[in-house]
Amino acid sequence: MRKMKRAIPVVQGLLGLIMVGAGSAKLIGIDLAKKDFERYGYPEWFRFVTGGIEVIGGLGLLVGLVFAPILAVFGGMLIIATMIGAILTHLFRVDDPLWRSVGPAIYLIAGLIVTSSRVLDLVLAIVRPGETGIAHSDRKGRDYR
């Protein structure tokens with residue numbers, strides 16, 4: 001269990017960096033991203049929306065590592081939804097070979113693991129303040145660990 005507790009932030013950070021990079025490539029308009037979205041039959045504005053969601057989700061994971069764990073939950077949910085859409089696009093919209101869905105499937109699983117772990121940490125911080133490492137404060141603003 002301790003190894004898993006140590007691995008979650010590493011996975012969260014890596015997934016955040018990957019999503020910021022992938023989303024930035026879509027926003028900048030790298031040729032590969034443009035050609036992929038043309039092949040998918042999506043309009044150009046959808047590439048910008050997808051890229052923006054990936055960047056925001058990745059930043060949520062990264063900021064959630066240090067400052068506000070709830071941002072990791074929101075970022076993870078954005079990534080989960082985006083990866084479900086990517087898998088469905090590869091499998092049904094363009095009838096890609098199965099291997100084209102492997103990357104999004106890995107990111108989906110990583111997003112599910114990180115998000116569920118962070119949700120559990122937040123719930124435990126409410127139920128058992130001080131046991132998760134997440135600060136809990138009372139109504140007067142006093143922090144407890």
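Nothing in this text is a laboratory measurement; each read-out follows from the coordinates by a stated rule. Quick caveat: nothing in here was measured; it's all calculated off a predicted structure. For neighbour counting, all protein chains shown are included, and Cβ atoms are generated from backbone atoms with ideal geometry for every residue, glycine included.
Quick test of the membrane-span-like rule: which DSSP H helices of the chain reach at least 30 Å along their long axis (C-alpha atoms) with mean Kyte hydropathy at least 0.0?
Span-like helices here: 2-28, 44-66, 102-127.
Counting each DSSP H run of 4 or more residues in the chain as -39500 (n - 2.57), what helix-only mean residue ellipticity at 222 nm follows after dividing by all residues, to the nearest 500 deg cm²/dmol? Write down the numbers at each step before the final one.
Details: 5 runs with 106 residues, N = 145.
The per-residue figure over the chain is -25500 deg cm²/dmol.
Given a Förster distance of 25 Å, report the FRET efficiency between Val102 and Ala81 from their Cβ-Cβ distance, rounded to the nearest 0.05.
Numbers: r = 19 Å, r/R0 = 0.75.
For R0 = 25 Å, the calculated efficiency reads 0.85.
At 7 Å along the Cα-to-beta-carbon direction for both Phe67 and Phe46, put a label point, then send me their distance in nm to one decimal.
Output for this residue pair reads 3.3 nm.
Quick one, which of (1) 57, 34, 19; (2) 58, 34, 24; (3) 55, 29, 20 is the actual Cα extents along the principal axes in Å calculated for this model?
So the structure-derived entry is (3).
Going 7 Å from the Cα of Ile126 in the Cα-to-Cβ direction, what parts of the range 46-75 have a backbone nitrogen less than 20 Å from that spot?
Residues passing the 20 Å test: 64-65, 67-75.
What is the order of Phe46, Phe37, Phe74, fewest Cβ neighbours within 10 Å to most? Walk me through the numbers before you get to the answer.
On the way: Phe46 13, Phe37 21, Phe74 17.
Arranged by neighbour count, lowest to highest, Phe46, Phe37, Phe74 become Phe46, Phe74, Phe37.
Around Ala22, under 12 Å between beta carbons, what's the net of Lys plus Arg minus Asp minus Glu among the other residues? Walk me through the numbers on the way to the answer.
Values: positive: Lys26, Arg47; negative: Asp36, Glu54.
The answer is 0.
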